[in-house]
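To start, the structure itself, in structure tokens.
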Amino acid sequence: MTQMNPDAEWKVGDKAVYPSHGVGEITAIESNELFGPNATVYVLELLHSSRRILIPTAKAAQVGLREVVSGVQAAEVLEALKGDPPPTKAMPWTKRQRALLEKLSSGSLYDVAEVLRELYHLKGVKDLSFGQRRLFDTATSLLVQELSIALGQNAEEIEEHIRTIFSW
């Protein structure tokens, strides 16, 4: 997965992915004493909500801020959705939920795709619980946001493509 070079700097107007939150645009680079004397932050405006996230420039790579995947990587992610999910070990839902949450928080689009694939297959077997449904919706949203930017398609087209992949 593409990680931002820790020595590289973001510019205003760059699109970036913040783990667990999705794609945003760097709208400003400003001083902010909240993070220490002479601290500089990137202001990331999320594209699919009204949220703004302040990210210290010195810690951008450390917190997982990264570039949007390339078109080639996006195609690989879509291809990965077609496979069967790895066999799940018999474990309590709370432990499995924690493992899925860790994958969603990893910042890796491949991990997000794995979560969606596992929950889509589970959904074909039984109704998802409320918690599973929330994870499913979050994974879908994160995947659709980034793939639509990477492939230059609107979100509806990406969602339809994903539904087609999982249609049995």
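Bear in mind that the values in this text are calculations on the coordinates, not laboratory data. As the structure is a computational prediction, the values presented were derived from the model and not from experiment. So basically every Cβ, Gly included, is an ideal-geometry build from the backbone, and we count neighbours across all protein chains shown.
Fewest neighbouring Cβ atoms within 10 Å first, the residues Lys95, Lys123 line up as Lys95, Lys123. If you find the alpha carbon centre of segment 45-60 and of segment 10-32, how far apart are they in angstrom? Spelled out, the Cα-based centre of one part sits 5 Å from the other. About the centre of its Cα atoms, the chain shows a dipole size close to 800 debye [charges on the beta carbon of Lys, Arg (+1) and Asp, Glu (-1) only; nearest 20 debye].
Note on Lys126: lysines with a C-alpha under 29 Å away, same-chain residues under 8 apart excluded, are Lys82, Lys89, Lys95, Lys103. Helical runs assigned H by DSSP (4 residues or longer) give the chain a calculated mean residue ellipticity at 222 nm of -14500 deg cm²/dmol, each run adding -39500 (n - 2.57) before division by the residue total.
Which aspartates and glutamates have a Cα less than 13 Å from the Cα of Lys15, not counting those fewer than 8 places away in the same chain? Straight-line reach from Lys15, under 13 Å: Glu25, Glu45, Glu67, Glu146. Checking (i) 130; (ii) 157; (iii) 249 against the coordinates, the calculated volume of the Cα convex hull per residue in Å³ falls under label (i).
Short-range pairs are left out: with C-alpha atoms under 8 Å and at least six residues apart, the relative contact order of the chain is 22 percent.
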